[in-house]
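Novice: Shown below is the structure under consideration.
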Amino acid sequence: MKRRKNKNRPFRALQIEVTSRCTRNCSICPRSSLSETWQDGDLSQELWEIIEPDLALAEHVHLQGWGEPLLQPRLPEWAAQAREAGCSVGITTNGDLLSEAHPWLLDGNVNLITISAAGSKECHTALRDGARIEEVMSKAGELSAAAREHKLKIEFKLSYLLTRSNAHELPDAVQMAADAGFHELFVTHLDCPTSQFQLDESAFNQEGIPSEAVEYLQNAAKTARKKKLAFRGPTCTGEEVLACALNPVYFTYVTWDGRVGPCVNLLIPVQGPIPRWTDAGVNRIAPLAYGRLDRSSLSDLIDSKERKLFITPLQKRLDADSRFRHEMNQEICELRILRGLEEAQSEREEVLQDHPLPSPCEACPKASGW
């Protein structure tokens, strides 16, 4: 099969949902709250063969969506092909099947392994359908040690989903990650609430996050510094962003059934609209895709008018902000530079007003930086 050559790699990341099946039914996941309409399925070899020639469009390929990627039997083969295309390759896993995957993960084709956690003790078990984080981290620690022994450059990260009930367990999670030989712990918010329970568990609201949670975050950061573990905390105050962290200008998502779109939150594998719970009520969002891989190639969908329509306001917002920041960084010693800064600031405000975030992103927590 002819491989597409692209030296510039316009995408920072291509996320591919290799399966929507999972080993768990966690209360904090849409899979639980939307179980009646959830669509289980695996990415087929036929769809992968459509994607594979265009892997070189991305710097990084992340083989995971709304399911547990280690359930996909073709994952070792696909990871190898993504590496062959010159991409870095990552997975995010709940850790249930790490022991079974241990041998092929040491082939070195996956160079980022992220373990998802929702606590360091009882909270993880309660929120993650009975899973024991001690067992998961033990498996991950064995894999991390084996990777070092084999001199493999595999980065291990712990993704900690912050909630109202588990904030107090975060400092211990830092210790756990350091003991397991991890490189980084980063904290995320429960930013896709599809039920009242998930909304109530979210650590943030319109006022920010509770002061006690901020204190736990500070303690976790101190522990991480002592342990020489990289630590990334979440935002503690919400404010509209130019584009969310998973910026669709540089990021594309592919579902197990071949839909291509901007992000995981707009392509949850359910029938019908996606419920988005907010303090103001429930919004029902129509899934958004640029098209399907059984009708077009990935590169054609990336160049499609549907995608351009979605990302244009984001690009304009980013460009206006970039010009403003450029003017701010000038040495303010001349009147013309001051005028340039004023003009850039005025232009930025005008562009943000004229080009709001795409309507499907309205009321999404990520739009406020959460």
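Novice: Please go through the stretch 87-107 and give me each residue that is surrounded by fewer than 17 Cβ atoms within 10 Å (Cβ to Cβ), in contact (Cβ under 8 Å) with a residue 40 or more places away in the chain and part of a loop (DSSP other than H, G, I, E, B), ordered by number.
Specialist: Within the stretch 87-107, L97, L106 qualify.
Novice: Could I ask something else about it? Can you confirm whether the stretch 225-240 contains a residue that is assigned by TED's automatic domain parsing to the domain that holds K121, farther than 30 Å from I51 by Cα and part of a helix (DSSP H, G or I)?
Specialist: The answer is yes; a qualifying residue exists.
Novice: Let me ask something additional. Any residue at all in the stretch 297-311 that's assigned to a strand (DSSP E or B), more than 15 Å from P248 (Cα to Cα) and touching a residue at least 12 places away in the same chain (Cβ under 8 Å)? Show your work before the answer.
Specialist: In the first step, residues of the stretch 297-311 are kept if they are assigned to a strand (DSSP E or B); the result is none.
No, the conditions are met nowhere in the stretch 297-311.
Novice: How many residues are in contact with a Leu (Cβ under 9 Å, 6 or more places away or on another chain) and modelled with pLDDT under 75 if we restrict to the stretch 320-370?
Specialist: As a first pass, look at the stretch 320-370 and keep what is in contact with a Leu (Cβ under 9 Å, 6 or more places away or on another chain): 320-321, 324, 327-328, 330, 332, 352, 355, 357-358, 360-361, 364-367, 370.
Now drop any that are not modelled with pLDDT under 75, which leaves 327-328, 330, 332.
So the count comes out to 4.
Novice: Still on this model: How do the pairs read when you match residues in the stretch 199-212 that are assigned by TED's automatic domain parsing to the domain that holds G233 and touching a residue at least 12 places away in the same chain (Cβ under 8 Å) with residues anywhere that are part of a helix (DSSP H, G or I) and surrounded by 15 or more Cβ atoms within 10 Å (Cβ to Cβ), using Cβ under 8 Å and keeping only pairs 6 or more apart or on different chains?
Specialist: What qualifies is E201/L127; S202/P365; A203/A167; A203/A213; F204/P365; P210/A167; E212/A167; E212/H168.
Novice: Restricting attention to the stretch 215-247, and to residues there that are closer than 23 Å to C364 by Cβ and modelled with pLDDT of 95 or more, which single residue is farthest from the chain's Cα centre (by Cα)? Steps first, please.
Specialist: Initial filter on the stretch 215-247 (closer than 23 Å to C364 by Cβ): 217, 232-247.
This time we only want the ones that are modelled with pLDDT of 95 or more, so: 217, 232.
Details: L217: 20, R232: 14 Å.
Selected residue: L217.
Novice: Can you tell me which residue in the stretch 174-189 is surrounded by the fewest Cβ atoms within 10 Å (Cβ to Cβ), limited to those that are hydrophobic (A, V, I, L, M, F, W, C) and either modelled with pLDDT under 95 or in contact with a Gly (Cβ under 7 Å, 6 or more places away or on another chain) (or both)?
Specialist: Of the residues in the stretch 174-189, the ones hydrophobic (A, V, I, L, M, F, W, C) are 174, 176-178, 180, 182, 185-187.
So of that shortlist, the ones also either modelled with pLDDT under 95 or in contact with a Gly (Cβ under 7 Å, 6 or more places away or on another chain) (or both) come out as 180, 187.
On the way: A180: 20, V187: 24.
That would be A180.
Novice: Does any residue of the stretch 254-265 turn out to be assigned to a helix (DSSP H, G or I), assigned by TED's automatic domain parsing to the domain that holds C29 and among the hydrophobic types (A, V, I, L, M, F, W, C)? I'd like the intermediate steps shown before the answer.
Specialist: Looking only at the stretch 254-265, we keep the residues that are assigned to a helix (DSSP H, G or I), and these are 264-265.
From what is left, the residues that are assigned by TED's automatic domain parsing to the domain that holds C29 are 264-265.
Filter once more, so that each one left must be among the hydrophobic types (A, V, I, L, M, F, W, C): 264.
Looking through the stretch 254-265, at least one residue is assigned to a helix (DSSP H, G or I), assigned by TED's automatic domain parsing to the domain that holds C29 and among the hydrophobic types (A, V, I, L, M, F, W, C).
Novice: Tell me, please, whether a residue that is more than 30 Å from A167 (Cβ to Cβ) and either free of Cβ contacts under 8 Å to residues at least 12 places away in the same chain or loosely packed, with under 15 Cβ neighbours inside 10 Å (or both) can be found in the stretch 273-283. Don't jump to the end; show me each part of the working.
Specialist: Quick first cut of the stretch 273-283, residues more than 30 Å from A167 (Cβ to Cβ) only: 273.
From what is left, the residues that are either free of Cβ contacts under 8 Å to residues at least 12 places away in the same chain or loosely packed, with under 15 Cβ neighbours inside 10 Å (or both) are 273.
Scanning the stretch 273-283, I find at least one residue that is more than 30 Å from A167 (Cβ to Cβ) and either free of Cβ contacts under 8 Å to residues at least 12 places away in the same chain or loosely packed, with under 15 Cβ neighbours inside 10 Å (or both), so the answer is yes.
Each row is one residue, and each column tells you yes or no for (1) outside any helix (DSSP H, G or I); (2) buried (at least 16 other Cβ atoms within 10 Å of the Cβ).
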site: Q15; (1), (2): yes, yes
site: R21; (1), (2): yes, yes
site: N25; (1), (2): yes, no
site: I51; (1), (2): no, yes
site: A56; (1), (2): no, yes
site: G65; (1), (2): yes, yes
site: E77; (1), (2): no, no
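The values are calculated or read from the model by the stated rules, or taken from the named source; none is laboratory data. Remember, predicted model here, so these are calculated numbers, not experimental data. Positions of Cβ are generated from backbone atoms using ideal geometry, with glycine treated the same way; all protein chains shown enter the neighbour counts.
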